[in-house]
Amino acid sequence: MLDAAHRIRSGEDFRRVFKAGVRVRSEHLMAHCLRDTDDTHAARVGFIVSKAVGNAVVRNRTKRRLREIIRPRLGELGAGELFVLRALPHAADAEFAVLATEVEALLAKAHKKLEHRGRRA
């Protein structure tokens, strides 16, 4: 379980990330990332695992795996950053190492997109 300070819990925060953030995708995951103007809070992460992934047991296992993958990478997220990981339907069948590699790549791609967006603004 992630600390409460590092979890996105409000629907409003999820909506802001989807509307104003950047989106990147890999084979098993999709990520949305937003650098919040309010950087007084710690980096926060949210997870979305829909019924398309599988039954409740499979969805919860997938969420647990994603939490364990993101926990050591929280330091890569800046203060005030919001990061949402969405599991695509075949994520439940993926190996842990494959998911870990994809999360690492998604973090890098999202930060690159955010930097590019910041330069244009």
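Quick check on the stretch 108-118. Is at least one of its residues surrounded by fewer than 19 Cβ atoms within 10 Å (Cβ to Cβ) and aliphatic (A, V, I, L, M)? Yes, some residue in the stretch 108-118 is surrounded by fewer than 19 Cβ atoms within 10 Å (Cβ to Cβ) and aliphatic (A, V, I, L, M).
Just wondering, is there one or more residues in the stretch 49-69 that are of a type outside the set (Val, Ile, Thr), modelled with pLDDT of 90 or more and in contact with a His (Cβ under 9 Å, 6 or more places away or on another chain)? Looking through the stretch 49-69, none of the residues is of a type outside the set (Val, Ile, Thr), modelled with pLDDT of 90 or more and in contact with a His (Cβ under 9 Å, 6 or more places away or on another chain).
Kindly provide the set of residues from the stretch 89-107 that are open to solvent by 20 Å² or more (accessible area, probe 1.4 Å) and within 15 Å of residue 23 (Cβ to Cβ), ordered by number. Matches in the stretch 89-107: 102, 105. If you go through the stretch 72-88 and keep only what is without any contact (Cβ under 8 Å) to a residue 40 or more places away in the chain and either open to solvent by less than 70 Å² (accessible area, probe 1.4 Å) or closer than 21 Å to residue 19 by Cβ (or both), you end up with 73, 77. For residue 21, the conditions (1) surrounded by fewer than 19 Cβ atoms within 10 Å (Cβ to Cβ); (2) in contact with a Cys (Cβ under 6 Å, 6 or more places away or on another chain) are fulfilled apart from (1).
With more than 26 Å from residue 90 (Cα to Cα), among the small types (Gly, Ala, Ser) and open to solvent by 30 Å² or more (accessible area, probe 1.4 Å) as the only criterion, which of 4, 43, 52 stands out?
On the way: 43 fails: open to solvent by 30 Å² or more (accessible area, probe 1.4 Å); 52 fails: more than 26 Å from residue 90 (Cα to Cα).
Among 4, 43, 52, only 4 is more than 26 Å from residue 90 (Cα to Cα), among the small types (Gly, Ala, Ser) and open to solvent by 30 Å² or more (accessible area, probe 1.4 Å).
One residue stands out among those in the stretch 79-92 that are outside any loop (DSSP other than H, G, I, E, B), more than 11 Å from the chain's Cα centre (by Cα) and small (Gly, Ala, Ser): the one that is farthest from residue 25 (Cα to Cα), which is 92.
The condition of being hydrophobic (A, V, I, L, M, F, W, C), out of contact with any helix residue (DSSP H, G or I) (no Cβ under 8 Å at 6 or more places or on another chain) and modelled with pLDDT of 85 or more holds for only one of 20, 79, that being 20.
Consider the stretch 28-59 and keep the residues that are in contact (Cβ under 8 Å) with a residue 40 or more places away in the chain and among the aliphatic types (A, V, I, L, M). The one that is nearest to residue 75 (Cα to Cα) is 43.
The values are calculated or read from the model by the stated rules, or taken from the named source; none is laboratory data. Note that the structure is a prediction, hence the values are computed from the model and not measured. Every residue, glycine as well, gets a Cβ built from its backbone with ideal geometry; the counts of neighbours run over all protein chains shown. Remember, those area values only see protein heavy atoms, side chains included, never the ligands or the DNA or RNA. Shrake-Rupley method; radii C 1.70, N 1.55, O 1.52, S 1.80 Å.
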